[in-house]
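This report refers to the structure that appears directly beneath it.
Quick note: the coordinates plus some simple rules give every number you see, no bench work behind them. Because the structure is a prediction, the values reported are computed rather than measured. Every residue, glycine as well, gets a Cβ built from its backbone with ideal geometry; the counts of neighbours run over all protein chains shown.
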């Protein structure tokens, strides 16, 4: 009688199903304003911020669990600090990527960067590991539980200086008119309502970030293409996920949360359709969003550097 094998753990499937279950409840938890211990991004044990999909996943889990510490670590890392994970606490799955070189003879060499064969091929792989938030661990040094920073208050419908300066320096034309927000590829322009239409100015910048994210897909920028995009089709839905996550990542740097003018069942359906049909989608699109975020930060820095040089 053959033994039944335990199914192989599939991190992509587990993580995607987790996100699907959350969205099916009608919420996007990463849109909630939050900081943990003064940080707007989840941090590794050494203080380095997580990037891409791990940033997104741990942000979502921090919000949902109400953790007050931004720090995450593995069980061995906690043990090395003579600390213990509390009994009954559940870990969070995160992923990392690596690559290996396999030559024509089939030998696998993950340690060498030398390419001894013209037929050598690079194979990329994904692995997963589990982490715990510092709030799930006893016996850690106090430095893993930093004090929260006060939440800044902003006058209604008024520009927030550091956010406004950031967006003004980006060399993508934005036209402020009407009541809708969108990017129009044929003229390569973003159209936005005036900030006076937003009670909370942070929502204005969240929407602006979303539309600028769409603008990064242009061929002369990041050249991101998911195929013919029409309202409601899969290509459209994929691009919406990228724009949403770009706004999440950029908002962590500047102090706003992702926002769109419409938050309805159709918007949630866009996410669900893509995630249900492609368990690898959230990983690829989070990487797309990280690239878009980095691009916008670089363009803003270049614009402000140019302004400073002209002023000098």
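Starting from the Cα-Cα distance between residue 86 and residue 27, subtract it from 0.36 nm times their residue separation and give me the gain in nm to one decimal. Show your work: numbers first, answer last.
Values: separation 59, 0.36 × 59 = 21.24 nm, distance 2.88 nm.
Contour length minus the Cα-Cα distance gives 18.4 nm.
Using Cα pairs closer than 8 Å and at least 6 residues apart in sequence, work out the relative contact order for region 155-295, in percent. Please list the in-between numbers first.
Details: 195 pairs, mean separation 31.3, N = 141.
Relative CO of region 155-295 lands at 22 percent.
Give, in nm to one decimal, the length gained when the segment between residue 253 and residue 20 is fully stretched (0.36 nm per residue of separation minus the Cα-Cα distance).
Details: separation 233, 0.36 × 233 = 83.88 nm, distance 2.63 nm.
Extra length from residue 253 to residue 20 when fully extended: 81.2 nm.
Kindly provide the helix-only [θ] at 222 nm of the chain, computed as the sum of -39,500 (n - 2.57) over DSSP H runs of four or more divided by all residues, to the nearest 500 deg cm²/dmol?
Values: 8 runs with 122 residues, N = 312.
Value at 222 nm, helices only, nearest 500: -13000 deg cm²/dmol.
Note down the nm distance, to one decimal, between modelled labels 7 Å out along Cα→Cβ at residue 77 and at residue 221.
3.3
Please compute the modelled spin-label separation between residue 310 and residue 262, points set 7 Å along Cα→Cβ, answer in nm with one decimal.
With each label placed 7 Å out from Cα toward Cβ, I get 3.7 nm.
I want to verify a result. In a Gaussian network model of the chain, Cα cutoff 10 Å, which of these has the top mean-square fluctuation: 291, 41, 101?
Highest fluctuation of the listed residues: 101.
Just checking my list (i) 228; (ii) 156; (iii) 216 against volume of the Cα convex hull per residue in Å³ computed from this structure; which label fits?
(i)
Contour minus end-to-end for residue 10 and residue 171, with contour as 0.36 nm per residue of separation and end-to-end as the Cα-Cα distance? Each step should come with its number before you reach the end.
Values: separation 161, 0.36 × 161 = 57.96 nm, distance 4.17 nm.
Gain in length upon complete extension: 53.8 nm.
Return the single residue from 210, 269, 259 with maximal mean-square fluctuation; model: Gaussian network over the chain, springs between Cα atoms under 10 Å.
The residue with the greatest mean-square fluctuation here is 269.
Using alpha carbons only, how many angstrom separate the centre of region 234-249 from the centre of region 271-302?
6
Give me the one-decimal nm value for the distance between modelled label points at residue 127 and residue 231, 7 Å along each residue's Cα-to-Cβ direction.
Label at residue 127, label at residue 231, 4.7 nm between them.
Would you please give the FRET efficiency between residue 200 and residue 297, computed as 1/(1 + (r/R0)^6) with r the Cβ-Cβ distance and R0 = 35 Å, to the nearest 0.05?
Values: r = 23 Å, r/R0 = 0.65.
Efficiency, rounded to the nearest 0.05: 0.95.
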